[in-house]
Amino acid sequence: MSDYKQLASRLRAALATDGVEVSHSRALELVAAQHGYRDWNTLVAAPDAAGHAVVVPILRVFPGGEATRFYRDFLGFTIDWEHRFEPGLPLYLQVSRAGCVLHLSEHHGDAAPGSALRIEVDDVDALQRQVRDSDVYPLRIGLDRQPWGDDLQIPDPFGNRLIFHTPRRSE
């Protein structure tokens, strides 16, 4: 998926040199259309090269800027797109980081706070250092080291738990 995001970034840059400004979300939609999908969500949900469908969990968040502060500013996710049916209505957005795609919803019926997600990452130690060194939240979270891998459990401000996991590789 990061290849598609890079394509969208290059498309935006190329269009900008011609004086055509498009938003990042519009560029993502254009890339999806170029690959034969009706929209970005359909492209993201399409099976990967191995034929596996992509699962995109929905997490409940509350109105205000805290979701952006936590997921973008603290954890380093990218906001791919945002949607509101009209001003003043709940926000629904997609964030992603290194192959992990999440939907965050302010809509009451979409999900219940208190969910837990297990997200595989290449280097949970590096993520722990990033979190520890961040000025956004004063969280000093330890790693849980097990024979099968290392976990970094991070609570979000909405009662959800993100468990970042690096499996132990057999030598």
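The values are calculated or read from the model by the stated rules, or taken from the named source; none is laboratory data. The structure presented is a predicted model; accordingly, all values stated were derived computationally and were not measured. Because the Cβ atoms are built from the backbone with ideal geometry, glycine has one as well, and the counts that use them run over all protein chains shown.
Things worth noting here:
- Pair list, Cβ < 9 Å and 6+ apart or interchain, from the range 134-149 residues that are exposed (fewer than 10 other Cβ atoms within 10 Å of the Cβ) to residues that are part of a loop (DSSP other than H, G, I, E, B): Pro147/Arg168; Trp148/Arg168
- Which numbered condition Ser25 fails, given (1) in a helix (DSSP H, G or I); (2) of a type in the set (Gly, Ala, Ser); (3) farther than 25 Å from Asn160 by Cβ: (3)
- Residue within the range 74-82 that is polar (S, T, N, Q), in contact with an Asp or Glu (Cβ under 8 Å, 6 or more places away or on another chain) and not in a loop (DSSP other than H, G, I, E, B) present: no
- Residue ID - modelled with the lowest pLDDT, chosen from residues in the range 89-113 that are assigned to a loop (DSSP other than H, G, I, E, B) and surrounded by 14 or more Cβ atoms within 10 Å (Cβ to Cβ): Ala98
- Which listed residue, of Arg84, Arg26, Arg38, Arg10, is surrounded by 14 or more Cβ atoms within 10 Å (Cβ to Cβ) and charged (D, E, K, R): Arg26
- Of the listed requirements (1) loosely packed, with under 14 Cβ neighbours inside 10 Å; (2) part of a helix (DSSP H, G or I); (3) in contact (Cβ under 8 Å) with a residue 12 or more places away in the chain; (4) not polar (S, T, N, Q), Pro63 misses just one: (2).
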